[in-house]
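Remarks on the structure that follows.
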Protein chains: 4
Amino acid sequence: MPTLKQIIEETDTPEGRAFDLANQTLIVLSLISLTIGSLTSLSPTTRSILNLFDLFALVCFTLEYALRVFISTPRRHYVLSFFGIIDLLAILPYFLAWGMDLRSVRSFRLLRMIRFLKLARYNAAVRRLRTAMLLAREEIVLFLGATAVMLYVASVGIHQFEREAQPETFGSVFQCLWWAMVTLTTVGYGDAVPITTGGRAFTLLVLLTGVGIISVPAGLVASALTQARELNDRSSETPPGST
Amino acid sequence: MPTLKQIIEETDTPEGRAFDLANQTLIVLSLISLTIGSLTSLSPTTRSILNLFDLFALVCFTLEYALRVFISTPRRHYVLSFFGIIDLLAILPYFLAWGMDLRSVRSFRLLRMIRFLKLARYNAAVRRLRTAMLLAREEIVLFLGATAVMLYVASVGIHQFEREAQPETFGSVFQCLWWAMVTLTTVGYGDAVPITTGGRAFTLLVLLTGVGIISVPAGLVASALTQARELNDRSSETPPGST
Amino acid sequence: MPTLKQIIEETDTPEGRAFDLANQTLIVLSLISLTIGSLTSLSPTTRSILNLFDLFALVCFTLEYALRVFISTPRRHYVLSFFGIIDLLAILPYFLAWGMDLRSVRSFRLLRMIRFLKLARYNAAVRRLRTAMLLAREEIVLFLGATAVMLYVASVGIHQFEREAQPETFGSVFQCLWWAMVTLTTVGYGDAVPITTGGRAFTLLVLLTGVGIISVPAGLVASALTQARELNDRSSETPPGST
Amino acid sequence: MPTLKQIIEETDTPEGRAFDLANQTLIVLSLISLTIGSLTSLSPTTRSILNLFDLFALVCFTLEYALRVFISTPRRHYVLSFFGIIDLLAILPYFLAWGMDLRSVRSFRLLRMIRFLKLARYNAAVRRLRTAMLLAREEIVLFLGATAVMLYVASVGIHQFEREAQPETFGSVFQCLWWAMVTLTTVGYGDAVPITTGGRAFTLLVLLTGVGIISVPAGLVASALTQARELNDRSSETPPGST
């Protein structure tokens, strides 16, 4: 008969796995309830079912938090741990906002998705991703830095050209940053578009240099992941003690 | 003189190849008829020619289905097979909707395009694609998972910021998912655009992290295909019996 | 003293190089004249200068064509060659449309840009590009095929969903192909956007699968070019006669 | 006690590093002031604080320039150097425009960001980037050339098709270049969209060939960076004197 501590904190006993699975199911259900609850055309019955379920989930998560504090030795160990803070942040807003409109408060349960990160710990692909990030670390930082500089220069530049023609859209460097981001990621909503000849010529220049720079990091990660896999295969092929 | 069974089921006799070619030609013609038939400005003559051709194709496909059932031993073998179900689904709606408007029904013939997959079976590039997918399987799953999480978090987040400013466009998480998908794939139609300062700042954040994540899988497939080709070349270079 | 034949057909004598350079300069100037001539706000003086220059270029290109025919042995050899046809197509429309509006006719001189391809023949990067295309040939064909199928299926699918809601924009499969292309390449102008729930759900599906497929070929070319360069380096490093 | 020359020109003494850090902090603060100053809704107090800070920064940069000229031997050495010209260009406009509206003049301080390039000199990733650019130099030039040709041909082509239908947007080849750039980089604002059947068919063609070409260079840089890293690792692994 496993102890409460083993059920909650360990994942390699049948009871531990069952507890984890129940916990994750509740998180997923609670996210589904959040999604459905955002529909404006819900019947009062559906809405009260969702509210009841939310209350149930809140009770469960509060109980889980209390239990985890209780079995932790020393108690402050869990309270001050990363997951302890996450778990508290996911339930605290409900108690603080009691009686008020809960709609904004509900999104805090997204924080619980961070719990899924625990699943990633044992995953080989995540390990290789870490190797890949280490391999390409400096290049990624370099290109992210170049992206930041490019976004800033594009914002200041377009501000000079379009400031007077379109004060509503390009009136400050902050507004221009919106344009720069939407343009350089090639999203191009069309809500902020340069109309002066100077602004358009500047945009051509920015696109020619910037679009390439911004898409290099993704290619770097893909390349480094392939390299990390090869390193991994090679090291697992080599028998220990050889070379 | 080949038997009916050999003509229909085998592809390495001249008669089998002729049957396959006739079948594929009919599928392509039937898709062309579907495409032209969607034009609203067709003359009655053209439309009746298309309708006649559609009837002809239907008779052919029904006959082919009957023949394939007839020669299959045991008969339920083909009826229950993957291609048996596809072939039935491609003709059944015509009989069920007899006398009604056939426009929606016609699209079911798209299912016949799956027949072309058979051509792929003998293709070296498809084999290498399979190798590449196996090589990069875990990474691709990881990044598709990250994409799904990113889309969901972006939807819930923008819902918080834009819900009140634009209830028509960002009123529910489902509507926000449309925005999230159109934005993160960088399509950016411009029909759903955040206008609040908070929503725009959140979008900048989402774009900075998300656009990269969503384009990594394509790079992974390209990299893994190159690796698969190298593996292939190396294994075909190595003479049998060596290391 | 080089013969006329050597000047025109060869590129390794000083006179041949001078002739080629003059020819290429004239092509570039003629393209600049075409570009400036498209401005609607030109003064009559500028326009007559451009027209004079166009006449001059036409005379030069016609003379060049006549000379090339004259020195070719047998004469039909050049007339029927690829560059002979290109050169004729670039000047013929001027004579056919004599006295009529020349604006459309002028674009035919773009064909002369194909002459620049000759420069590419001696370029190492072009040779490696050819190696890369050969290496990745089957994969590129496979993904271009998948792109074509994806575009077609997306067009037929969205036609089903949006046909009735937006007959102006999604009325035929051909109109839907415009939407499919603009969406799958992530251009997303915003002139054709699905508005029905079904159409949007279908678009999400198409984007999830299609955007990746359409960007794999570019990654393949980039990867194969890197591989081609490595093959090249290795073969040039290895001394002849060694393993 | 270090000399003034050592403080300003060297970076490996504590005083030199302190001077550099102060200089860089002032540049960053001056950029922040530029960004905040672009907001139109600033209170008079904030604006006068920013103006005071700008004056302070101007005095500092002028003093720094004077000092650098003073300690340089011979004096024209620094004045005519790359950084000397940059530093002068960043302060000169203030003196030339004294008493006039300073808004446009302020952007010149962006030039000072080039000073940060000095930081890059000691960075390993920048060195590998240089190796990568050298490795893929010819391929990158080839694809940039192809991009330029593609942009030009797309502009001239769409001008033919849309010139009469939309003279405001596609009236000249220069205006069409804006469309070509926005389309081929897949930004797709939606302010210039072909509406004729011919123009749309041409756009499909351009997208099919052009979108791939324009995204190859980024993939090439990513691939070459991975290759440069491997070359680097291999050369640093090999002990001196071995093979």
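The values are calculated or read from the model by the stated rules, or taken from the named source; none is laboratory data. Every value quoted in this text rests on a predicted model; they were computed, and no experiment measured them. Reconstructed Cβ throughout: ideal geometry from the backbone, glycine too, with neighbour counts over all protein chains shown. In case anyone asks, the SASA skips ligands and DNA or RNA and just uses the protein heavy atoms, side chains included. Shrake-Rupley method; radii C 1.70, N 1.55, O 1.52, S 1.80 Å.
Restricting attention to segment A:156-190, which residues are hydroxyl-bearing (Ser, Thr, Tyr) and closer than 23 Å to D:Val193 by Cβ?
Quick first cut of segment A:156-190, residues hydroxyl-bearing (Ser, Thr, Tyr) only: A:169, A:172, A:183, A:185-186, A:189.
Answer for segment A:156-190, where residues must be hydroxyl-bearing (Ser, Thr, Tyr) and closer than 23 Å to D:Val193 by Cβ: A:Thr169, A:Thr183, A:Thr185, A:Thr186, A:Tyr189.
Test each condition in (1) crowded, with 20+ Cβ neighbours inside 10 Å; (2) at pLDDT below 90; (3) facing chain B (nearest Cβ under 9 Å) for C:Cys176 and report the one that comes out false.
(2)
I need the helices (runs of 4 or more DSSP H) fully contained in segment B:1-74, keeping only those with at least 1 residues that are open to solvent by 40 Å² or more (accessible area, probe 1.4 Å) and either of a type in the set (Ser, Thr, Tyr) or closer than 24 Å to C:Ile158 by Cβ (or both).
Details: elements: B:4-9, B:14-37, B:44-71.
It comes to B:14-37, B:44-71.
Has segment B:217-226 got any residue that is among the hydroxyl-bearing types (Ser, Thr, Tyr), crowded, with 22+ Cβ neighbours inside 10 Å and touching a residue at least 60 places away in the same chain (Cβ under 8 Å)? Even if it seems obvious, please write down each step before you answer.
Step one: list which residues in segment B:217-226 are among the hydroxyl-bearing types (Ser, Thr, Tyr), which gives B:223, B:226.
Going one step further and asking which of them are crowded, with 22+ Cβ neighbours inside 10 Å, we end up with B:223, B:226.
Narrowing further to those that are touching a residue at least 60 places away in the same chain (Cβ under 8 Å): B:223.
Yes: one or more hits.
Of B:Glu162, B:Glu168, which residue is charged (D, E, K, R), in contact (Cβ under 8 Å) with a residue 12 or more places away in the chain and either open to solvent by less than 30 Å² (accessible area, probe 1.4 Å) or more than 9 Å from every other protein chain (Cβ to nearest Cβ) (or both)?
Working: B:Glu168 fails: in contact (Cβ under 8 Å) with a residue 12 or more places away in the chain.
Of the residues listed, the single one that is charged (D, E, K, R), in contact (Cβ under 8 Å) with a residue 12 or more places away in the chain and either open to solvent by less than 30 Å² (accessible area, probe 1.4 Å) or more than 9 Å from every other protein chain (Cβ to nearest Cβ) (or both) is B:Glu162.
Name the residues in segment D:175-192 that are without any contact (Cβ under 8 Å) to a residue 12 or more places away in the chain and either of a type outside the set (Phe, Trp, Tyr) or over 15 Å from A:Val211 (Cβ atoms) (or both), would you? Step through it out loud before you land on a result.
Residues of segment D:175-192 without any contact (Cβ under 8 Å) to a residue 12 or more places away in the chain: D:182, D:187-190.
Result: D:Val182, D:Val187, D:Gly188, D:Gly190.
If D:Met150 satisfies every condition in (1) open to solvent by 10 Å² or more (accessible area, probe 1.4 Å); (2) within 10 Å of another protein chain (Cβ to nearest Cβ); (3) under 25 Å from the mean Cα position of the chain (by Cα) but one, which is the exception?
Checking D:Met150 against (1) open to solvent by 10 Å² or more (accessible area, probe 1.4 Å); (2) within 10 Å of another protein chain (Cβ to nearest Cβ); (3) under 25 Å from the mean Cα position of the chain (by Cα), the one that fails is (2).
Kindly indicate the residue of segment B:179-197 that is open to solvent by less than 10 Å² (accessible area, probe 1.4 Å) and among the hydrophobic types (A, V, I, L, M, F, W, C) and also nearest to the other protein chains (Cβ to nearest Cβ) among those meeting that condition.
B:Val187
Looking at segment D:124-136, is at least one residue within 11 Å of chain A (Cβ to nearest Cβ), under 26 Å from D:Pro217 (Cα atoms) and modelled with pLDDT under 80? Don't jump to the end; show me each part of the working.
Here is the first cut: in segment D:124-136, the residues within 11 Å of chain A (Cβ to nearest Cβ) are D:124-129, D:132.
Among the residues that remain, those that are also under 26 Å from D:Pro217 (Cα atoms) are: D:124-129, D:132.
Going one step further and asking which of them are modelled with pLDDT under 80, we end up with D:124-125.
Yes; the residues of segment D:124-136 include at least one that is within 11 Å of chain A (Cβ to nearest Cβ), under 26 Å from D:Pro217 (Cα atoms) and modelled with pLDDT under 80.
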